[in-house]
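The values are calculated or read from the model by the stated rules, or taken from the named source; none is laboratory data. On a predicted model such as this, the values are computed, not experimentally measured, just so you know. Cβ: placed from backbone, ideal geometry, glycine included. Neighbour counts: every protein chain shown.
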């Protein structure tokens, strides 16, 4: 049980980790990574139960999809000190993203490679000392999520996208300077799950009525 | 009921086939080793439960891959010089002052971070069937216009 207790302590720190994206947007007391995981997992369950997928695996995938953030760096354009070369490159991409809209496919591909390496290292560190069986299960779920081949991983990725959009729009109600248009544009490029598309339509109706 | 068709590029089909072979290999490895004892003292052995769970997941993934491979439709290249957006097209677009390139693929192969956009996404659906030079609006509540600058197949 020692490994479980250690993992519990480490994952628990996500309750105190504000999501950097919202910090950049100047949100007071922003959502933490743990809160984001809760919201994502909840939506995976309530929509996933209508689908022909392995719901238990999808829920577990949602639960672990961001736990590497215990150690994975969450770098922003304003953090310029002490960065490695690859982080500087990532920063430049993020900088461009903030100034010129979303990154292009080429920039996104570069960012993905860097992000994947950092997150894999972080996941390895997080799972150090965890019992073999649990460690293997988390790695399997993580690799499946990142591989985006199975219906479960595709669904959870898209839920992650829509929950971010939803949270951003919630903040927009209080912070009118938040430009949410790019998030909606991107969601329409990314989401193709029929149930999530219906939810997206409902979210759009909700904005229009405001 | 008509079986769902899975549209894949040749590249996508190779990836799915490899994934399928890897999963079968993992199943072979798992079954090669002796299954753990069902009972440990008087309790059910947790290692046995893990073994059953892992095997069940592998079987399910293999079965889903088989469904895809049995109902696959390869995206064929259209005639040379085709300027219409069809599955498999690489489309250079301009939207909101930004230029980008999308690869229009079926849902199985979609990976937006790599520029592979599903033909079942709202943007994918809107672009399908449109031609080079056309402006394609995707709206409600925010209207975005995608100008198709170039269509190519490779």
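Some observations on this one:
For every residue, the table says whether it meets (1) modelled with pLDDT of 95 or more; (2) over 24 Å from the mean Cα position of the chain (by Cα); (3) more than 10 Å from chain A (Cβ to nearest Cβ).
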site	(1), (2), (3)
B:75	no, no, yes
B:94	no, yes, yes
B:103	no, no, no
B:106	no, no, no
B:113	no, no, no
B:141	no, yes, no
B:150	no, no, yes
B:154	no, no, yes
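- Under the condition of being under 14 Å from the mean Cα position of the chain (by Cα) and farther than 26 Å from residue B:65 by Cβ, the residues counted in the stretch A:43-65 number 1.
- Failed item, numbered, when residue B:84 is tested on (1) at the interface with chain A (Cβ under 10 Å from one of its Cβ atoms); (2) more than 24 Å from residue A:154 (Cα to Cα); (3) surrounded by 12 or more Cβ atoms within 10 Å (Cβ to Cβ): (1)
- Every residue from the stretch B:89-109 that is under 15 Å from residue A:109 (Cβ atoms) and free of Cβ contacts under 8 Å to residues at least 24 places away in the same chain: B:100, B:101, B:103
- Output for the stretch B:1-34, where each listed residue is in a loop (DSSP other than H, G, I, E, B) and surrounded by fewer than 13 Cβ atoms within 10 Å (Cβ to Cβ): B:1, B:2, B:3, B:4, B:5, B:33, B:34
- Residue match in the stretch A:144-160 (condition: more than 10 Å from every other protein chain (Cβ to nearest Cβ) and either surrounded by fewer than 19 Cβ atoms within 10 Å (Cβ to Cβ) or not in a helix (DSSP H, G or I) (or both)): yes
- Criterion applied to A:198, A:188 was being in a helix (DSSP H, G or I) and surrounded by fewer than 17 Cβ atoms within 10 Å (Cβ to Cβ), and the one residue passing it is A:198.
- For the stretch B:77-88, the count of residues that are in contact with a strand residue (DSSP E or B) (Cβ under 9 Å, 6 or more places away or on another chain), outside the structural domain of residue B:12 (by TED's automatic domain parsing), in a strand (DSSP E or B) and farther than 20 Å from residue A:107 by Cα is nonzero.
- Enumeration of residues in the stretch A:167-199 that are touching a helix residue (DSSP H, G or I) at 6+ places or on another chain (Cβ under 6 Å) and either within 11 Å of chain B (Cβ to nearest Cβ) or over 23 Å from residue B:127 (Cα atoms) (or both): A:168, A:178, A:180, A:183, A:187, A:188, A:189, A:190, A:191, A:192, A:193, A:196
- Looking across the stretch B:118-139 at every residue that is in a helix (DSSP H, G or I) and within 17 Å of residue B:99 (Cα to Cα), the one that is nearest to the other protein chains (Cβ to nearest Cβ) is identified as B:123.
- Residue check, residue B:145 facing chain A (nearest Cβ under 10 Å) and in contact with a strand residue (DSSP E or B) (Cβ under 8 Å, 6 or more places away or on another chain): no
- Considering residues of the stretch A:22-37 that are assigned to a helix (DSSP H, G or I) and surrounded by fewer than 17 Cβ atoms within 10 Å (Cβ to Cβ) only, the residue modelled with the lowest pLDDT: A:24
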